[in-house]
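Quick notes on the structure that follows.
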Amino acid sequence: MNLRYMLSRIAHGQFMGRVIIKLGGGLITDKQQYKTALKDRIDSVSRVISEIIDMGHSVIVIHGAGSYGHIEAKKWKISEGLDSEISENQFSAIDTIQRDMDELNSMVMESLRGVGISCESFPPRDWVNGIGIGFAGDVSRFERNSEDIVPVSFGDVVPVIGEKKFGILSGDHLMVRLANELPDVVLCVFLLGDSSGLLTGPPDSDSSVLIERWSKSQGLVGEHDSAIDVTGGILLKLQCASEIVESSDHVWFMDGRVPNRMLEVLSKGETIGTRIVRDNQS
Ligand code: IPE
């Protein structure tokens with residue numbers, strides 16, 4: 001065993017497993033206002049991530065786009081692929097979206113570095129082809145147990161083979177591939193920006209209550225706000241989470257405004273939020 005690896009493990013204690021965290025675009029940006037990042041929220045998640053690393057876990061961070069991606073992507077139908085009638089506008093929108101996503105990614109990276117975390121970014125456009133969970137791309141680059149570097153990636157405009165030429169890969173799809181293909185995943189969390197988990201109705205309604213456990217047989221709950229979202233909102237997250245539970249026991253939707261709850265799950269196995277379970281899971 002390499003000495004550097006041994007020393008880093010001794011310094012940080014025993015390896016406790018991998019934690020994969022998605023910072024939803026609705027948590028880290030104001031989805032309605034073009035390019036409005038909510039830095040305080042990013043910082044408070046970063047502080048908790050640093051505690052998770054101190055506990056001995058290896059962390060992967062994925063973030064969404066919010067108003068750094070969806071608004072322009074919606075306007076120029078980027079998720080539908082090449083449209084010859086508006087192709088020039090589409091290519092210029094792709095440049096804008098990728099630049100904007102780089103800006104948001106830099107904010108996330110800066111925030112992580114600000115609490116002493118070493119991190120490295122892997123923009124999907126550089127290593128992914130195709131969209132959905134079947135995209136072509138090797139996720140083994142995220143397996144970095146031997147170094148204390150947090151890999152970071154995000155939803156992005158990616159190349160697609162064939163007539164479509166491009167499309168949008170959601171960070172939720174990345175979550176599925178990472179959770180299902182990397183070893184030692186102990187927790188997979190989707191951090192939300194407007195609710196404590198999956199609710200029975202809209203977050204702003206008094207009659208909506210938290211669903212504490214959800215499995216696929218309960219059916220999809222929630223609405224996809226297609227006026228804003230080009231990926232799939234809460235419905236996509238549920239579909240992705242139900243794929244992930246096939247390989248991971250702890251899959252949660254949590255309130256990203258209260259990120260300490262991630263520590264509760266890691267220490268006690270329980271917290272306020274929605275635990276996504278397999279249909280036959282006890
Ligand atoms: C969307 O990624 C990427 C772009 C629109 C460029 P996500 O699907 O992961 O983003 P959020 O979390 O819904 O904002």
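The values are calculated or read from the model by the stated rules, or taken from the named source; none is laboratory data. All figures in this text were calculated on a predicted structure; none of them were measured in a lab. Because the Cβ atoms are built from the backbone with ideal geometry, glycine has one as well, and the counts that use them run over all protein chains shown.
Restricting segment 133-158 to residues that are within 12 Å of the ligand (Cβ to nearest atom) and not acidic (D, E), the residue that is surrounded by the most Cβ atoms within 10 Å (Cβ to Cβ) is G155. Counting only residues that are at pLDDT 90 or above and either assigned to a loop (DSSP other than H, G, I, E, B) or in contact with a helix residue (DSSP H, G or I) (Cβ under 7 Å, 6 or more places away or on another chain) (or both), segment 187-207 holds 12 of them. Residue pairs whose Cβ atoms lie under 9 Å apart, separated by 6 or more positions or on different chains, with the first residue in segment 77-94 and closer than 20 Å to I131 by Cα and of a type in the set (K, R) and the second within 13 Å of the ligand (Cβ to nearest atom) and in a loop (DSSP other than H, G, I, E, B), are K77/V230.
If you go through segment 22-37 one residue at a time, how many are part of a loop (DSSP other than H, G, I, E, B) and within 12 Å of the ligand (Cβ to nearest atom)? Before you say what the answer is, go through the steps one by one.
Just the residues of segment 22-37 that are part of a loop (DSSP other than H, G, I, E, B), to begin with: 24, 30-36.
After this cut, where a residue has to be within 12 Å of the ligand (Cβ to nearest atom) as well, the list is 24, 30-31.
The total comes to 3.
Test Y5 against the criterion of being at pLDDT below 95, more than 20 Å from V158 (Cβ to Cβ), more than 12 Å from the ligand (Cβ to nearest atom) and among the aromatic types (F, W, Y), and give yes or no. Spell out how you get there, then give the answer.
Details: at pLDDT below 95: yes; more than 20 Å from V158 (Cβ to Cβ): yes; more than 12 Å from the ligand (Cβ to nearest atom): yes; among the aromatic types (F, W, Y): yes.
In short, yes.
Kindly check whether there is at least one residue in segment 64-72 that is touching a Ser or Thr at 6+ places or on another chain (Cβ under 7 Å), of a type in the set (D, E, K, R) and outside any loop (DSSP other than H, G, I, E, B). Spell out how you get there, then give the answer.
So the first thing to find is which residues in segment 64-72 are touching a Ser or Thr at 6+ places or on another chain (Cβ under 7 Å), and the list is 66-68, 72.
From the residues that got through so far, the ones that are of a type in the set (D, E, K, R) too are 72.
Narrowing further to those that are outside any loop (DSSP other than H, G, I, E, B): 72.
Within segment 64-72 (the criterion being touching a Ser or Thr at 6+ places or on another chain (Cβ under 7 Å), of a type in the set (D, E, K, R) and outside any loop (DSSP other than H, G, I, E, B)), the answer is yes, since at least one residue qualifies.
Within segment 222-240, the set of residues being at pLDDT below 85, of a type in the set (D, E, K, R) and over 16 Å from K74 (Cβ atoms) comprises E223 only. Listed conditions (1) assigned to a helix (DSSP H, G or I); (2) within 16 Å of the ligand (Cβ to nearest atom) are all met by N180, apart from (2).
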